[in-house]
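For reference, the structure discussed in these notes is given below.
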Amino acid sequence: MDLLLQLLLEALLLGTFYAFLSLGFSLTWGVLNILNLAYGSLVVLGSYLAYSLFNAVGVDPIVSLPISFAVGFGLGLLLQASFVNRVIKLEPFMVLILTFGLDILISHTLNYFFKADIRSIDVPYAEGSLVVGNLIVSKVKLLVFILSLLFTFLLFVFLKFTWTGRAIRAVALDVEGARLVGISPERVFALTMGIGTGIAFLSGNLYGILQGFTPFDGGFLTVKAFLVSVLGGLGRVESALLGGLFLGTMEIFVSFYAGESWKLFASLVLMILVLIFRPRGLMGGKYYGEA
Amino acid sequence: MRVFLFLIAFVFSLSFSQEVLRLGAAVSFSGKYAKEGELLKRGYELWKERVNAKGGIKVGNKRYKVEIIYYDDRSDPKTTAKLVEKLITQDKVRFILGPYGSAQVFAAAGVVEKYRALMVQGGGASSKIYRQGYRHVFGVFNIAPDYGKNLIDLAVSLKPRPKTVAIIYEKDIFSEDAARGALEEAKKKGLKVVLFEGYPKGTQDLSSLMLKIRMKRPDVVIGAGHFKDSVLVIKQLKQFRINPKFVGLTVGPPVPAFVKALGKDAEYVFGPVQWSKAFRYKDPLFGSTEGFVKAYRERYGEDPEYHAAGGTAAALALQIAIERAGSLEVDKVRKELLSMKVETFYGVIGFDETGKIVTKPMAVIQIQGGKPVTVYPFREAEPVYPKPEWK
C-alpha cells in the first residue's frame, strides 16, 4: 500500500512537469498548426541558459526563471519572423524539415560549446528530501512540481480570461473569422511562437534543476511533448495535464516493475494505441479554441 | 627529408658501440585521454631510464640499450591502429608497448596480431580484448569482472559480515561485466542478492531503482557505471535516505573529481583500483614497490598512481620475458610471457593463454578525510565500516 502511494506520488510529480513541458509544443501545434521538431532542443537550450547563468554569473536557477522565459520569448519571435513565417504557407512538410534542421543545429552547437558531458545545476537547498510516514519526496521534485503547476495555472488564466488569450484561441479556431473581427493572425502567430518557446525555455530551466542533461536530450524530450499532446488531445490546458499525468504514471510504473529500459518502449506502444483507438486524444477537444 | 633523417640515424647508430633495441608506443598526448597518456608515458620512461642506467636489456650475451618511439594517437582508436602499423612496418619495431584506453588497445591489438608483432599493454581493462583469440597481445590490467569481485571480497571480510547486496549497473560492456563479477562473487560468498538490475546508458534519474533499494534495505550497495553515474548514485542514495553499511562503486572514487563533485558525501565510499602505492612486493628492477614509488617521486615530483604503474609494469614484463628468452624472436618471447609468474612492484605478473593477467590482485580504496586511502588487501588505514548515515 505504501509502495503504491509512493509510486503514485512520483507519478504525480513527474506527470505535472511533463504536462507543463508539453504546453509550449501543443500550443504552437494547436494555434499555428505546426509540429515543432526542434522543441526538445529548445528545452535543452533553456537548461544550458540556466546552467550558464548559474555557473558564470551565479544567478540562482529559480531567479533565472523569468530571464529564461524572456529570452525564450524573444527567440520565439525571432524564429517566427525569420524562418517559420517564410515556410508556413508552403506545404506542412517544409515546417517539419525546417524544425528538424533547427534541432540538429541547436544540439550540435551546444555540443560544440559545452561538449557532450552531462551537466547539472546543483542547488544546495534542494538536495534533501522530506519524509512523511513511509513516503519520501525529494525536495527538488516537489519544487519543480509546484512551479510547473503554478506556470500551468498562469497559462490557463491567460488563455481563458485575457483579451490576448482569447485572441489566440479565436485564431486557433478559425483564422478567417478572427481576421473578420479585427484580430491580426500574424501577430497572434508571432505571439504564440514566443510564448511556446518561452515555455520551452522555462521547462528547460526546471529540467536542469531536476536532473542532469546533455546537448542531445532534445530528441526524447520532443517525443515526450508529442506523446503528451497526443494522449491528452490538443484541446485545452487541462488535456495537457491529463496527458502528462498519464505518461508520468506509465513511466513510473513501467520502470519500477519492468525496468528502466522499457520506459520508452512502453510510451511508444501507448501512443500507437491511442492514435488507433482515440485519434483525438483521451479528452479530444479541437485545438485551443473549444472551451 | 626522410633520407636525411635516416642518414643521421644511421650515423648515430654507428657512433654508439652498444646495440639498441627499439620499442614503439602510440599513446594519447592530445584529446580526451591526454592526461592518462602522459602518465602512461612517464611509466614507460621511468622503466627505460632505469634499465639503461643498469646497462640495458640483457639478451643472451649482449646488452641492448632501450629506445622508445612515441607517436600521438590523439585519443582516436583509428589513429592508434594506423600509428601501430607505421611502427611495425616503417620503423621495424617488433615489440609494442600499449596505448591508453580499452578502445585504443583493442584497435592496436588487431594490427599487432596481423603483423605477428608482440604487445604488452597496461592501458585497457575490457575483457573484449582477450576474447578475440589473439596470441600476441598481453595486458597487465585486471579485467572488468574483477572490479566487482574485489568490492564483494572486501565487503564479506568486514565485521559484522553483511548478509544482503543490491547491484545496479549501467548497460554498457564494461559496467555490465563488472556487475556480473560482483554478482558471481556474491553468490559464491553466500550473500543474498536482493536486487540486480541495469539501467540504460545516460540515465539521469534512478528514482525507481532507489525506491527498490530503499524497500529491500540491503547491507551492501554496488554501483557499476562511469564517473557521472557514480556521482548520481551517491546523490540519490542520500536523497532517498538509503543508508547501507557498505557502498562500493566501480569507477569514480579514486579520481580527485569524485570528492570535488560530492564533498562530504564522498566520505567512506569504496572503489577498486588496479594498483596502489600501498602494495608491498619485491621487484627485480626497483627492489620493491617502495623502491618504485621512491624512484617515481624523485623523477616526477609526485606519487605514482596506477596509470603510470601499469606502463612500467607492462614494459617490465616484456623485459623479463626477453631476458628469459635470451632472444629477440617474437615467438620465444611470447612463450616466456605465457609461462611467467614473477613478483614485481606491481604484484605477481602471470598471464593465462588469452594474454590477460590472472595473478595480480586489485586493491580497494576508501575515501577518508577527502582522500582515497588503500584499505584492501594492503592496509594504509582501517576501513570505516559500517558507513555512518548521511548528514
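The values are calculated or read from the model by the stated rules, or taken from the named source; none is laboratory data. Values in this document were obtained by computation on a predicted structure and should not be read as measured data. Cβ: placed from backbone, ideal geometry, glycine included. Neighbour counts: every protein chain shown.
Tabulated results
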{"item": "The one condition in (1) among the hydroxyl-bearing types (Ser, Thr, Tyr); (2) closer than 18 Å to residue B:315 by Cβ; (3) without any contact (Cβ under 8 Å) to a residue 60 or more places away in the chain that residue B:44 fails to fulfil", "result": "(3)"}
{"item": "Residue within segment B:139-156 that is within 28 Å of residue B:96 (Cα to Cα) and among the acidic types (Asp, Glu) present", "result": "yes"}
{"item": "Pairs with Cβ under 7 Å, 6+ apart, first in segment A:240-267 and more than 10 Å from every other protein chain (Cβ to nearest Cβ), second assigned to a helix (DSSP H, G or I) and among the basic types (Lys, Arg)", "result": "A:247/A:224"}
{"item": "Filter pass, residue A:221 being within 14 Å of residue A:24 (Cβ to Cβ) and within 14 Å of another protein chain (Cβ to nearest Cβ)", "result": "yes"}
{"item": "Top-ranked residue in segment A:105-137 [being touching a Leu at 6+ places or on another chain (Cβ under 8 Å) and in a strand (DSSP E or B); ranked as surrounded by the fewest Cβ atoms within 10 Å (Cβ to Cβ)]", "result": "A:130"}
{"item": "Any chance residue B:226 is under 23 Å from the mean Cα position of the chain (by Cα) and at pLDDT 95 or above", "result": "no"}
{"item": "Residues that are more than 12 Å from residue A:244 (Cα to Cα) and either more than 13 Å from every other protein chain (Cβ to nearest Cβ) or of a type outside the set (D, E, K, R) (or both), drawn from segment A:1-25", "result": "A:1, A:3, A:4, A:5, A:6, A:7, A:8, A:9, A:24, A:25"}
{"item": "Positions within segment B:241-276 being aromatic (Phe, Trp, Tyr), surrounded by 21 or more Cβ atoms within 10 Å (Cβ to Cβ) and in a loop (DSSP other than H, G, I, E, B), in sequence order", "result": "B:275"}
{"item": "Within segment A:166-184, tally of residues that are among the hydrophobic types (A, V, I, L, M, F, W, C) and not in a helix (DSSP H, G or I)", "result": "2"}
{"item": "Residue, farthest from the other protein chains (Cβ to nearest Cβ), within segment B:175-224, restricted to residues that are touching a residue at least 40 places away in the same chain (Cβ under 8 Å) and in a strand (DSSP E or B)", "result": "B:220"}
{"item": "Output for segment A:120-178, where each listed residue is out of contact with any Ser or Thr (no Cβ under 6 Å at 6 or more places or on another chain) and among the polar types (S, T, N, Q)", "result": "A:120, A:134, A:152, A:162, A:164"}
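This table checks each residue for (1) in a strand (DSSP E or B); (2) of a type outside the set (A, V, I, L, M, F, W, C); (3) surrounded by fewer than 23 Cβ atoms within 10 Å (Cβ to Cβ).
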| position | (1), (2), (3) |
| --- | --- |
| B:333 | no, no, no |
| B:336 | no, yes, yes |
| B:348 | yes, no, yes |
| B:360 | no, yes, yes |
| B:365 | yes, no, no |
| B:375 | yes, no, no |
| B:382 | no, yes, yes |
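For every residue, the table says whether it meets (1) over 19 Å from residue B:96 (Cβ atoms); (2) in a strand (DSSP E or B); (3) modelled with pLDDT of 95 or more.
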site: B:47; (1), (2), (3): no, no, yes
site: B:51; (1), (2), (3): no, no, yes
site: B:58; (1), (2), (3): yes, yes, no
site: B:63; (1), (2), (3): yes, yes, no
site: B:68; (1), (2), (3): no, yes, yes
site: B:71; (1), (2), (3): no, yes, yes
